[in-house]
Every structure is written in structure tokens, then in C-alpha cells.
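Enquirer: Please read through the structure below; I'll follow up with questions.
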Amino acid sequence: GLFCLFKRRGLTLVATLLGYAIFFKNLHAGHDITSFPCRFFTYFMVGMCFWLWRDMIPFSKWLALACLFGLLAASHFEPWFSILFPIAGAYFAIFIGYGPSFPFLDWTRKTDLSYGTYLYAFPVQQIVAMNESLRNPWLNFALATPVVLICAWFSWNLVEKRFLAKKNRS
């Protein structure tokens, strides 16, 4: 915003490519990028480019599936997953967020588990990870997700929905 990047899409793209190049260079050099600030800058800038260039980016389920399968394949080959994730992960997330509706998710129009999921995911995952044999990310996800969603459902129905219903009262 300080550089008026929103007014100049080309400048935003150049800044994104520069950030991505620095990110790639550090990944390729074998640096630990988990706390590397350029990583978050790259994610932010890619998202910003997607928004600014949304009229030029094709919105395709086939491209979204290619991104998903590309990420799944790359997840076995570091650093390829980290290299692909900013672009392929962002595209897939945007497609899921703005893409077609899924009939089996119609219940989400009346139930919002997002805040409860945000609230309970970390503590539940940490409790599961206390058992050393359950520290595999996929196993942790498989065990923690149902518990988190149940907690989020109770949070929505017992607390959040009731308070939201009172928000317009004086």
C-alpha cells in the first residue's frame, strides 16, 4: 500500500516475483524457511496478485485439481512442496472458497464452525501430539479433526449462535 501497488498491477507482479525468487533461493540453498519472513511476504504477495489479476486468471476445476495433485505429489519431495505451495496452494484455496457449492456442505449455511475450529484446533492437536506415537501429521489430523469439529459444534450451538442472536438488541 505504501508504494501504491494496488494501482499498478505490473509493479505488484514484479514485487511478487522478486519475493518469490528470494524465497526460492533460500529454499534451494537449504535454509530453514519455517521462520523466514520472506516466506510470509511471498504468500501475501501471491494472494494479492491473484486478487489484482483475477480478471486474467482462469477459474477452472481442472486447474484446481492439477494444483491439488501437484501439491500431493510434491509433498514427498522437499523442497518442491514449499516451492509450489504459494501458487498452487493459493489457487486451490481460492477455488474451494469461491468455486462450486457442494451439496453435502449445505448445513454450513446455518452452522458456522469456523471460530470454534480456530479456537480448539491447536489445543486438541497438542493433546493428541502428547502421545509420541501419534505425532505423524496425517494421524494427528485424522484423530484431532473429529474432536475439534465436535467442540466447534458445541461452541456454535451453546455460545456463539446465542450471542449473535442478541447482537442487534439494545
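The values are calculated or read from the model by the stated rules, or taken from the named source; none is laboratory data. Computed from a predicted model, the values in this text were never measured in an experiment. Note: ideal-geometry Cβ built from the backbone for every residue, glycine included; neighbour counts use all protein chains shown. Side chains are part of the model used for accessible areas, which takes the heavy atoms of the whole protein and leaves out ligands, DNA and RNA. Shrake-Rupley method; radii C 1.70, N 1.55, O 1.52, S 1.80 Å.
Enquirer: Taking the stretch 54-83 as the search range and keeping residues that are in contact (Cβ under 8 Å) with a residue 40 or more places away in the chain and surrounded by 14 or more Cβ atoms within 10 Å (Cβ to Cβ), which one is nearest to the chain's Cα centre (by Cα)?
Expert: Taking the stretch 54-83 and keeping what is in contact (Cβ under 8 Å) with a residue 40 or more places away in the chain, we get 59, 79, 82-83.
From what is left, the residues that are surrounded by 14 or more Cβ atoms within 10 Å (Cβ to Cβ) are 79, 82-83.
Details: Pro79: 18, Ser82: 13, Ile83: 15 Å.
Filtering first and then ranking leaves Ser82.
Enquirer: While we're here: Looking at the stretch 119-138, can you tell me whether even one residue there is open to solvent by 90 Å² or more (accessible area, probe 1.4 Å), more than 30 Å from Leu63 (Cα to Cα) and not in a helix (DSSP H, G or I)?
Expert: yes
Enquirer: Return a yes/no flag: does the stretch 102-117 have any residue that is in contact (Cβ under 8 Å) with a residue 40 or more places away in the chain and under 30 Å from Ala21 (Cα atoms). Give the derivation first.
Expert: As a first pass, look at the stretch 102-117 and keep what is in contact (Cβ under 8 Å) with a residue 40 or more places away in the chain: 111-113, 115-116.
Pick out the ones that are also under 30 Å from Ala21 (Cα atoms) and you get none.
No; the residues of the stretch 102-117 include none that is in contact (Cβ under 8 Å) with a residue 40 or more places away in the chain and under 30 Å from Ala21 (Cα atoms).
Enquirer: For the list (1) assigned to a loop (DSSP other than H, G, I, E, B); (2) among the small types (Gly, Ala, Ser); (3) modelled with pLDDT of 95 or more, I need the number of the one condition that Ala152 fails.
Expert: Looking at each condition in turn, Ala152 falls short on (1).
Enquirer: Still on this structure, please answer the following. When the residues of the stretch 84-117 are narrowed to those that are of a type in the set (Phe, Trp, Tyr) and surrounded by 12 or more Cβ atoms within 10 Å (Cβ to Cβ), which ends up nearest to Cys49 (Cα to Cα)?
Expert: So the first thing to find is which residues in the stretch 84-117 are of a type in the set (Phe, Trp, Tyr), and the list is 85, 91-92, 95, 98, 102, 104, 107, 115.
When the remaining residues are screened for being surrounded by 12 or more Cβ atoms within 10 Å (Cβ to Cβ), the result is 85, 91-92, 95, 115.
On the way: Phe85: 15, Tyr91: 11, Phe92: 15, Phe95: 15, Tyr115: 27 Å.
Checking each candidate, the answer is Tyr91.
Enquirer: Can you tell me how many residues in the stretch 73-118 are under 30 Å from His28 (Cβ atoms) and assigned to a helix (DSSP H, G or I)?
Expert: Within the stretch 73-118, the first condition is being under 30 Å from His28 (Cβ atoms), and the residues that meet it are 73-96.
Add one more test, that the residue is assigned to a helix (DSSP H, G or I), and what stays is 73-74, 80-96.
Qualifying residue count for the region: 19.
Enquirer: So which residues in the stretch 34-53 are open to solvent by less than 60 Å² (accessible area, probe 1.4 Å) and polar (S, T, N, Q)?
Expert: Scanning the stretch 34-53 gives a single hit, Thr42.
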